[in-house]
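Working notes, structure below.
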Amino acid sequence: MASSSGAGTMSSSSGLTFKLHPLVIVNISDHYTRLMAQAAATGSAGIPPPLRVFGCVIGVQAGRNVEIFNSFELKHDAATDSLDRPFLETKQEQYKKVFPKYDVLGWYSIGADIRESDMVIHKALMDINESPVYLLLNPAINPARKELPLSIYESELHVIDGVPSLIFVKASYTIETVEAERISVDHVAHIKPSDGSSAATQLAAHLTGMHSAIKMLHSRIKVLHHLLAAIQKGDAPPEHALLRQVSSLVRRLPAIDSPKFQDDFLMEYNDTLLMTYLATITKCSNTMNEFVEKFTTAYDKQSRRGGRTVFV
Amino acid sequence: MEQLVTQVQGLSGSADDLGQLLVLLRQNDDAMRSQGARLQPALHALDPAKHSLGFLFILDGRWSAGPSREEAENFLMSVTNFITVCSPEQIRYCPDKFNSLCRKLREHAMNMHRPIRAVLPLQVAIRKFQPSSEYLTPIHADFLLVCLLSKCYKAAAPILEDQIFEIDPKKTGLVPKDYLLYCYYGGMVQIGLKNFLRAMELLQHAFTAPAHVMNAIAVEAYKKYVLVCLIHNGQVPPFPKYTPSIVQRNLKGCCQGYIELVTVYNNRNITDLQRCLTSHEEAFRNDKNLGLAKQVVASLYKRNIQRLTQTYLTLSLQDIAQTVQLESAKDAELHVLQMIQDGEIFATINQKDGMVRFQEDSEQYKTREMSQRLHSEIQKVIRLAKKLTAVDEQVSCDQAFLSKVGRERTRYDSDDFELVPQKAFSNF
């Protein structure tokens, strides 16, 4: 019995390619976080019990491509350990009206590993979609792991011990996004609601992001530069396609080039530099002030007692 | 004597040998002093470049009696030669001997009334003696003095450009008087170079140096400081926070005439200022500040013309002459022309109808040179800030500071009593 519900050690052989949109990931994590926060707030003292949330994923299946666009939450009945069917159907109809193209492709849940009860729910969904997918998000934060803690499972009919049974097998997926989605998800992901609302921390977060972006740009340009220098010296064979791409990249900037633009640009640039200069001078004067205070308290014999100095 | 010479030749190799040699030489120091002129052949036997340490000691012993008039030339030649070729690492082993040698050089150059001869050797000596350009040495004070006496201000300029961050008496044999003299003479050299801003900074350092008693150098520096402030800014700022309290209390009492000059200057009346100047002329002459005081009067004209730019947009030359109490429109034109050339005001003179039109600062801040300049300024300030934080941390860990702060803390918060570590690690 253990093997039939064990986690898919085999990888999927159905040949379907899965594409996942980041919106789904944000939705699932938001659902989970929200419920955890509510459970903690409504007063269960100590560690709140590990919750499992459930929901449905929808998207488009075109031939061999399965693209998962969106997701919504479902009500789960803990007693019977099944999903609320009428609710699911109402939601499905509503979504169909807005997105006629999207079908129910599967369902999601939270956990580190697959459980036995998951197969039951999976089978229940099979009447909507003959081969649903199961998304599993692992909420444990592990800073060592570089990849997303999300796994996609398919169900396959395998013959085990002479008995044909359904088991979950893991499938690989890629993340796919459109520009608008990327911008909005990026924006949502960067908002820290609890403590980052002051202007200073937001500015610091913004500048750190910009700093890392510029650093990455700089390192990539350095690599290209190195490569071009090597080609010029003759160490590396010249690749015309690459050179064409580099040339087009270089021609993209500067976007405008006229004397008036130069003047305005330099004026703004110098203004920013003056602000930075002022900031460094202020910081320096502050340190100097503190230093002088410390020095006078340490070394001046008739220094302030109770904060009064003798004036001439 | 010969054995000493051979030892010097033998031991002038590596660092440990030099340490040994130093001990040896110090033991024989008195003996060498008594020998005097008989050490001359020993000097010929040694090579100043390779055996600098030994050469230094023997040279000092040779001339310890002080050269007489005839030998002064020889003395100067030999010391100049030594300084030019000596090796920096070796002379740093014995700072006080080197300092006394340079001082003798300076004294004798002055006695011979040819201070200019000491300028170049002392400059070379400073560069060789400093472990890095941020260190202050006693030779700085001597060097600046000879530059002043010989009026070679330009020669002193590169030395004054260095930013001094390190004061280390162990390495350089510095005493506070040298520091004060450096500030005072440096200020005077800057006045000679007409860098009034830098002169103000240096003179201010002289009288704000930590002190427990009043100091003649500080008083003189303050007098010059007042005059330079008037020339450059038109007003004298109050004492900065870090002026030692004893200086704050007593300084004004020592320079009455100058304070009076400041109050009269603020009234902006040329004739009053002239009167005040003549009444205190004796005092100024004794302090050798009469030239500076006359420059103060000249600067009042400039100050008044500058004030006119804030009121008027265009003005005729005749009116300028009248308001500023100049003789004629011609004088006014000359003054204004000079100020435009110096960059003190922005104006155009229309010679046809004798009108002057005042303008705004025409710097638009939209050139590449400006952004490069701003970049370098920002870098300078960042470097300075780093040094400041380092020094700040040093003082925070200092014994004296912690004991004073700890005492105050225990007095006021007895509830949350935090144990201030009494034995903080001290860096001295």
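The values are calculated or read from the model by the stated rules, or taken from the named source; none is laboratory data. Quick caveat, the model's predicted, so the values are computed rather than measured. In this analysis, Cβ positions are derived from the backbone assuming ideal geometry, glycine residues included, and neighbour counts consider all displayed protein chains. Protein only, heavy atoms only, side chains kept; ligands, DNA and RNA dropped before computing areas. Shrake-Rupley method; radii C 1.70, N 1.55, O 1.52, S 1.80 Å.
Here are some notes:
- Within the stretch A:82-105, the set of residues being aliphatic (A, V, I, L, M) and in a helix (DSSP H, G or I) comprises A:Leu88, A:Val98.
- Residue match in the stretch B:235-243 (condition: open to solvent by 60 Å² or more (accessible area, probe 1.4 Å), over 30 Å from B:Gln359 (Cβ atoms) and among the aromatic types (Phe, Trp, Tyr)): yes
- Selection within the stretch B:174-212 - touching a residue at least 24 places away in the same chain (Cβ under 8 Å), within 14 Å of chain A (Cβ to nearest Cβ) and assigned to a helix (DSSP H, G or I): B:Pro176, B:Gln204, B:Phe207, B:Thr208
- Remark: A:Glu239 falls outside the filter, which requires a residue to be in contact with a helix residue (DSSP H, G or I) (Cβ under 9 Å, 6 or more places away or on another chain) and within 14 Å of another protein chain (Cβ to nearest Cβ).
- Residue list for the stretch A:116-159, filter: part of a strand (DSSP E or B) and surrounded by fewer than 13 Cβ atoms within 10 Å (Cβ to Cβ): A:Leu157, A:Val159
- Any pair with Cβ under 8 angstrom, 6 or more apart, that starts in the stretch A:75-100 at a residue that is over 19 Å from A:His31 (Cα atoms) and modelled with pLDDT of 85 or more and ends at one that is surrounded by 15 or more Cβ atoms within 10 Å (Cβ to Cβ) and not polar (S, T, N, Q): A:Lys96/A:Tyr102; A:Phe99/A:Ile58; A:Phe99/A:Phe69
Let's see how each residue does on (1) open to solvent by less than 40 Å² (accessible area, probe 1.4 Å); (2) more than 21 Å from B:Asp287 (Cα to Cα); (3) within 13 Å of the chain's Cα centre (by Cα):
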site: B:Ser133; (1), (2), (3): no, yes, no
site: B:Thr172; (1), (2), (3): yes, yes, no
site: B:Phe207; (1), (2), (3): yes, no, yes
site: B:Asn215; (1), (2), (3): no, no, no
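- Any hit, the stretch B:247-270, residues being part of a helix (DSSP H, G or I), buried (at least 18 other Cβ atoms within 10 Å of the Cβ) and of a type in the set (S, T, N, Q): yes
- Of the residues making up the stretch B:229-272, those that are among the small types (Gly, Ala, Ser) and either under 20 Å from B:Met200 (Cβ atoms) or within 24 Å of the chain's Cα centre (by Cα) (or both) are B:Gly234, B:Ser245, B:Gly257.
- Filter result for B:Ser328 (in contact with a Gly (Cβ under 9 Å, 6 or more places away or on another chain), over 30 Å from A:Thr276 (Cβ atoms) and away from chain A (no Cβ under 14 Å)): no
- Restricting the stretch A:255-292 to residues that are farther than 17 Å from B:Ser371 by Cβ and among the polar types (S, T, N, Q), the residue that is farthest from the other protein chains (Cβ to nearest Cβ): A:Ser258
- Condition check for B:Lys302: at pLDDT 80 or above, part of a helix (DSSP H, G or I) and buried (at least 18 other Cβ atoms within 10 Å of the Cβ): yes
- Filter result (surrounded by 13 or more Cβ atoms within 10 Å (Cβ to Cβ), more than 7 Å from chain A (Cβ to nearest Cβ) and closer than 15 Å to A:Asn270 by Cβ) within the stretch B:352-374: B:Arg373
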